[in-house]
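A short write-up of the structure that comes next.
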Amino acid sequence: MPHITVKPFDTSVIKEDRYLNTQLLFKANDLDSSDEIIGVEVENEKFLLCLKKSKQNWLLKYDKVTRPIDVNLVKQAIGNISQSLKLDIVNSNINIRKTQTKLANQYEKSIEDFINVEFPFDTVSIEVGFGSGKHLLYQALNNPNRLFIGIEIHTPSAQQVLRQIELQSIKNIWVVNYDARLLLEMMPSNSCSNIFVHFPVPWDKKPHRRVISPSFLDESMRVLKKNGRLELRTDSYKYFWYSLDVFLGENVSKSSLEIRKNESLEVTSKYEARWLKQEKDIYDVFVTSLQNSPKRDFDFDFSFDNIVYKNKVLDKITKKPILFDGFFFHFERVYRVSQSAILLKLTLGSFDRPEQKYIWMDNSMSYYFGSPPVKTLTNYKAHLKIKEYLNV
């Protein structure tokens, strides 16, 4: 991802100002290290840059929590700042590709777009982790009257599919660069016909990171229409048996499964083609939704009301996770912007699908920098506890 390596310099020259096409909003110091963080705005997108310091060289790079999907905005911000401050650059990878296809912005959706969403098509399908997008693009081209929502946490893959949408003039794909487990909680009940999960990362050594889980199954069955299907396709024998254990778990009162082995599809990804050449087995598991689900209420308020920064906040904050029944929050870093303002980096929400955010606090207001957490009940419970904690 975009970054430059520079020789150390006096960071007091970094001021709130306009640097070519980049508005610099603030600079903050990490209270536990020499690192600094920079808030910027480019083309109405607000995000953070990190300045990581070592003895010989420093690294100016993107912040993964707030990064925009258009990587050129990050490159532009780093380039504008380094050029304006005349930084001594040792290494750089921020060449902006001016000739590349413009991203199909109208088909790029944020998590906030799914609050009280209305779909422009009668039927909707979701693909979780579309990778190169070959299956997603194929399905959309062959089903022009259905909306396909592609969810991909890997930013370059999301950018690649957005360019293909532009090149092929595809009108029925939405691309979301986010954690699918969280986005699924934003989807209306009984709204989808299919949820595709093709070749998810098996995470043999870190099973808690797997997409398939009891909570993912619950959300999938809620989002699917009656008789809609969750479709898992995997080359991992362990993942296949793990998924069956989830789909037939003791907390699952009733389910309908279909299993296939080495079923051929109309479209084959380059990875699947490689596995087939190696004569690896491919497993499909289909789980059918058996009933309609109640409507999900998204009326959660993630504001901080009248909570403002006070010196007592820094005295109270602990770096240890604060645990509750089914959720938690954890302040990971504290950045000082000024004597009257700080920026808090934290993780919050459920244990199996937590979310990272920043909270801005000054002597007049507090808010989530960039965007609020996903509107889930678990996140809202964590938010209420965070409010109590910061109200000193």
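Rundown of residues vs (1) under 22 Å from the mean Cα position of the chain (by Cα); (2) of a type in the set (D, E, K, R), yes/no style:
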position: Ser169; (1), (2): no, no
position: Pro188; (1), (2): yes, no
position: Ile212; (1), (2): yes, no
position: Lys226; (1), (2): no, yes
position: Tyr239; (1), (2): no, no
Next item on the list: Being buried (at least 17 other Cβ atoms within 10 Å of the Cβ) and not assigned by TED's automatic domain parsing to the domain that holds Asp63 narrows it down to one of Lys345, Lys295, so name that one.
Entry: Lys345
Notebook entry, point to check: Quick one: which of Glu258, Glu272 is charged (D, E, K, R) and either at pLDDT below 90 or closer than 30 Å to Asn116 by Cα (or both)?
Noted result: Glu272
Item checked: Test for Leu103: is it modelled with pLDDT of 95 or more and out of contact with any Pro (no Cβ under 7 Å at 6 or more places or on another chain) -> no
Next item on the list: Working only within the stretch 348-370, note down all residues that are within 24 Å of Arg296 (Cα to Cα) and surrounded by 15 or more Cβ atoms within 10 Å (Cβ to Cβ).
Entry: Leu348, Gly349, Ser350, Arg353, Pro354, Glu355, Gln356, Lys357, Tyr368
Next item on the list: Please state which one of Ser125, Ser110, Ser82 is of a type outside the set (A, V, I, L, M) and over 25 Å from the mean Cα position of the chain (by Cα).
Entry: Ser82
Margin query: Looking at the structure I just gave you, is Ile94 closer than 23 Å to Pro156 by Cβ and part of a loop (DSSP other than H, G, I, E, B)?
Written below: yes
Margin query: Can you tell me which residue is farthest from the chain's Cα centre (by Cα) among those in the stretch 1-24 that are under 30 Å from Thr318 (Cα atoms) and surrounded by 18 or more Cβ atoms within 10 Å (Cβ to Cβ)?
Written below: Ile14
Check: Residue check: is Ser189 surrounded by fewer than 20 Cβ atoms within 10 Å (Cβ to Cβ), in contact with a helix residue (DSSP H, G or I) (Cβ under 8 Å, 6 or more places away or on another chain), small (Gly, Ala, Ser) and modelled with pLDDT under 90?
Finding: no
Margin query: If I go through the stretch 275-294 residue by residue, how many of them are at pLDDT 90 or above and part of a loop (DSSP other than H, G, I, E, B)?
Written below: 8
Next item on the list: Please work out which residue is farthest from the chain's Cα centre (by Cα), limiting yourself to the stretch 46-64 and to residues that are under 21 Å from Val175 (Cβ atoms) and surrounded by fewer than 16 Cβ atoms within 10 Å (Cβ to Cβ).
Entry: Lys46
Next item on the list: Scan (1) in a strand (DSSP E or B); (2) of a type outside the set (Lys, Arg); (3) under 25 Å from the mean Cα position of the chain (by Cα) for the single condition Ile69 breaks and write down its number.
Entry: (1)
Next item on the list: Among the numbered conditions (1) closer than 30 Å to Phe148 by Cα; (2) outside the structural domain of Arg163 (by TED's automatic domain parsing); (3) assigned to a strand (DSSP E or B); (4) not polar (S, T, N, Q), tell me where Val74 comes up short.
Entry: (3)
Margin query: Just to be sure before I move on: is Ser253 modelled with pLDDT under 90, among the small types (Gly, Ala, Ser), in the same structural domain as Ile212 (by TED's automatic domain parsing) and surrounded by fewer than 16 Cβ atoms within 10 Å (Cβ to Cβ) in the structure I sent?
Written below: yes
Notebook entry, point to check: Quick one: would you say Thr268 is under 24 Å from Leu184 (Cα atoms) and polar (S, T, N, Q)?
Noted result: no
Next item on the list: Could you please tell me which pairs satisfy a Cβ distance under 6 Å, a separation of 6+ or placement on different chains, a first residue in the stretch 321-346 that is of a type in the set (Ser, Thr, Tyr), and a second residue that is surrounded by fewer than 18 Cβ atoms within 10 Å (Cβ to Cβ)?
Entry: Ser340/Asp362; Ser340/Asn363
Checklist line | Near pairs, Cβ below 7 angstrom, 6+ apart or cross-chain, from the stretch 39-50 (in contact (Cβ under 8 Å) with a residue 40 or more places away in the chain and under 12 Å from Tyr358 (Cβ atoms)) to any residue that is of a type in the set (D, E, K, R) and crowded, with 16+ Cβ neighbours inside 10 Å | finding: Phe47/Asp63; Phe47/Arg67; Leu48/Asp63
Check: If Tyr271 passes every condition in (1) over 25 Å from the mean Cα position of the chain (by Cα); (2) loosely packed, with under 15 Cβ neighbours inside 10 Å; (3) not in a loop (DSSP other than H, G, I, E, B) but one, which one does it miss?
Finding: (1)
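The values are calculated or read from the model by the stated rules, or taken from the named source; none is laboratory data. This structure is a prediction, so every number in the text was calculated from the model and none was measured. Note that we place each Cβ from the backbone using ideal geometry, even for glycine, and neighbour counts take in every protein chain shown.
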